[in-house]
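One structure is given here, and the rest of the page talks about it.
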Amino acid sequence: MRHLLLLLTLVVCSSCIAQGPYVVLGGERFTVEIADTQEKQALGLMFRDALPGNHGMLFIFPGEARRSFWMKNTRIPLDIFYFDQNLALVSVSENTPPCRSPQCPNYPSTGPAKYVLELNAGKAAALGVKAGDPLELHLD
C-alpha cells in the first residue's frame, strides 16, 4: 500500500514540475515555445515537418505595433493569432499556407499587436475564437 501511495505522489508531483510555458485560448491549453529574441523570431517554425496538436509558438515583442508574418520555409499550414498588449485577440490569419518559393506573401495583423501565437491550421475555427477574446499566459 505504501508503494502505491508513493507512486501516486510521484505521478502527481511530476506533472506539476514538468509543465513548462503554456497558454490558454478558447478554453484549450497549448504548450508553447517562446520566441522572444530576434533570432528565435526570425526562425519561428521554419523547417519543421510537424507540430503536435496541443503545441505552438508564442512570439513576444517589446511593444505593440502592426505585425506581419510570412511563411517562408515553413512546411506546415498554421493559424496566426495576433494579440494586443492586454492579451485581447486583434485578428487571425487562418489556414496560412506554407511557402517554398523565393517570394512569399505577408499576413498582417489588422491592428497593433504585442503577442503572436502560431498554432496548427484549423485551430481558430475549432476554438471558435473572435476579436476581443482573451489569451491567458502561463510562462513561469
Task: Condition met for Glu94 (in contact (Cβ under 8 Å) with a residue 60 or more places away in the chain and not basic (Lys, Arg)) - done: no
TODO: Identify the residue in the range 118-132 that is under 15 Å from the mean Cα position of the chain (by Cα) and assigned to a loop (DSSP other than H, G, I, E, B) and, among all such residues, is nearest to Pro77 (Cα to Cα).
DONE: Ala121
Task: All positions within the range 75-99 that are in a strand (DSSP E or B), within 22 Å of Gly53 (Cα to Cα), open to solvent by 10 Å² or more (accessible area, probe 1.4 Å) and β-branched (Val, Ile, Thr) - done: Val92
Open item on the list: I need the full set of residues from the range 115-140 which are open to solvent by 40 Å² or more (accessible area, probe 1.4 Å) and under 22 Å from Lys40 (Cα atoms), in order please.
Closed with: Glu136, Leu137, His138, Leu139, Asp140
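With open to solvent by 60 Å² or more (accessible area, probe 1.4 Å), over 25 Å from Gly27 (Cα atoms) and either part of a strand (DSSP E or B) or among the charged types (D, E, K, R) (or both) as the only criterion, which of Pro112, Pro102, Pro62 stands out?
Going through Pro112, Pro102, Pro62 in turn, the sole match is Pro62.
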Open item on the list: Here's a check for you: in the range 56-78, which residue that is touching an Asp or Glu at 6+ places or on another chain (Cβ under 7 Å) and among the charged types (D, E, K, R) is farthest from Tyr22 (Cα to Cα)?
Closed with: Arg75
Open item on the list: Quick check on the range 25-48. Is at least one of its residues outside any strand (DSSP E or B) and of a type in the set (Ser, Thr, Tyr)?
Closed with: yes
- [ ] Kindly provide the set of residues from the range 24-56 that are surrounded by 13 or more Cβ atoms within 10 Å (Cβ to Cβ) and among the polar types (S, T, N, Q), ordered by number.
- [x] Thr31, Gln41, Asn54
Open item on the list: If I go through the range 100-140 residue by residue, how many of them are of a type in the set (Val, Ile, Thr) and farther than 24 Å from Pro52 by Cα?
Closed with: 1
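The values are calculated or read from the model by the stated rules, or taken from the named source; none is laboratory data. For clarity, every value in this text was computed on a predicted model and none was experimentally measured. All Cβ positions, even for glycine, are placed from backbone atoms using ideal geometry, and neighbour counts span all protein chains on display. The area values use the complete protein model at the heavy-atom level, side chains included, leaving out ligands, DNA and RNA. Shrake-Rupley method; radii C 1.70, N 1.55, O 1.52, S 1.80 Å.
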